[in-house]
Amino acid sequence: MSEQQENNKQAPVHYERGVPVLDVKSEEERKRSEAEAHDKRYKDDQITLNRRLVNTTIALAIATIVLGIASGFQLWYMHRQWKLGSDGLSKTGDQVWAAKDAAFAARQAANTSNNILGESKRQFDKTLKQMEGQTAGIEESNRLNRDALTSVQRAFVTFQAMQLDTPPVSMNPRTIAWVFSGVVENSGATPAINKIEHFAGSNKLHEEPSEAQFIGDEQDRPVGEIGPKVTKRVGQIVKEDDYVLGGYTLLQIGDEAFHRYLASHDVFFWGWVAYRDVFPNTRPHVTEFCQHVIGVAALSTPQGPIPKLEFSECRGHSCVDENCPDYKAISALVPK
């Protein structure tokens, strides 16, 4: 296709008063028109773009202002919170110091209380010890008074002597019985109660009685009592004159032969009395005696001579209470 044809082909048509008119322009005008049109479109696009940029800028400016206002409000709120926090921290600090002061004061008060409590405890312990000492002193005083009263008022049985009675057995020829017994006395101011006793003798021993012989083996001992200031016989052994004199008579006791006989033949009498006093919670009491015949005399009476014996204490068993070696064995026999 030729250039003319190309121009004819692209030539625009317009109407004037209803008559189509073909616009025929030169190439230069066409190009200039196209350039102007292109430039106009470019300018329109730039204006549109600029408007959009302006609108966007305005929106951004408004957003920036809004964000600035929001940021300012946020900064104000943060500042207010910080101030409130600072005030709270300040108050908390004050409270912490106040709490520290209170804790220190409480500790001081506790230390003071502990010191007071310790001092009170020491004073209490001191007072308690004094009271214990006073109580012990009072108890000891009461015990001493009780013991003193008991020792003064209690029954106290002592051995007095051996007694020999000589009642007649027959008158023709005249014969007498030799009745031996021990004599004890309660010198106390109260009765001796739950009293048991033992009395024995022998003319066949060559030495003092053994412990078993002295205590005896009776099973059922009579139980009695001895009133205050009362003298009482203990036991009774009835013998004939040969128990002491052998084959001699009272008329021969001055002979040398009888003295040799008496020196070679021992006669012993022994016994004990065990009892309780009337005071509660007191131990049993024991009184022991042992007598050895060392001499014989004859007393003249209208009915005839009667014997009179001389005694001496044995080496053992002349004792009372815990001074007696067999106190435990004998006191255990006393009834409750």
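At-a-glance table
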read-out: Segment 210-244 - residue that is among the acidic types (Asp, Glu) and not in a loop (DSSP other than H, G, I, E, B) and, of those, nearest to Ala192 (Cα to Cα); value: Glu225
read-out: Number of positions in segment 199-216 that are more than 15 Å from Gly235 (Cβ to Cβ), without any contact (Cβ under 8 Å) to a residue 40 or more places away in the chain and within 60 Å of the chain's Cα centre (by Cα); value: 2
read-out: Cross-chain or 6+ apart pairs with Cβ under 8 Å, segment 249-269 first and under 25 Å from Phe199 (Cβ atoms), then assigned to a helix (DSSP H, G or I); value: Val267/Tyr243; Val267/Val244
read-out: Test: residue in segment 272-282 that is within 22 Å of Lys308 (Cβ to Cβ), out of contact with any Leu (no Cβ under 9 Å at 6 or more places or on another chain) and without any contact (Cβ under 8 Å) to a residue 24 or more places away in the chain; value: no
read-out: Ser151 being among the hydroxyl-bearing types (Ser, Thr, Tyr) and within 30 Å of Gly235 (Cα to Cα); value: yes
read-out: Search result, residues across segment 179-198 that are more than 47 Å from the chain's Cα centre (by Cα) and more than 14 Å from Thr158 (Cα to Cα); value: Val179, Phe180, Ser181, His198
read-out: Strands (runs of 3 or more DSSP E) contained entirely in segment 265-336, each with at least 1 residues that are charged (D, E, K, R) and over 55 Å from the mean Cα position of the chain (by Cα); value: 306-313
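Just so you know, all these numbers are worked out from the coordinates, no wet-lab data involved. Just so you know, these numbers come straight off a predicted model, no measurement behind them. All Cβ positions, even for glycine, are placed from backbone atoms using ideal geometry, and neighbour counts span all protein chains on display.
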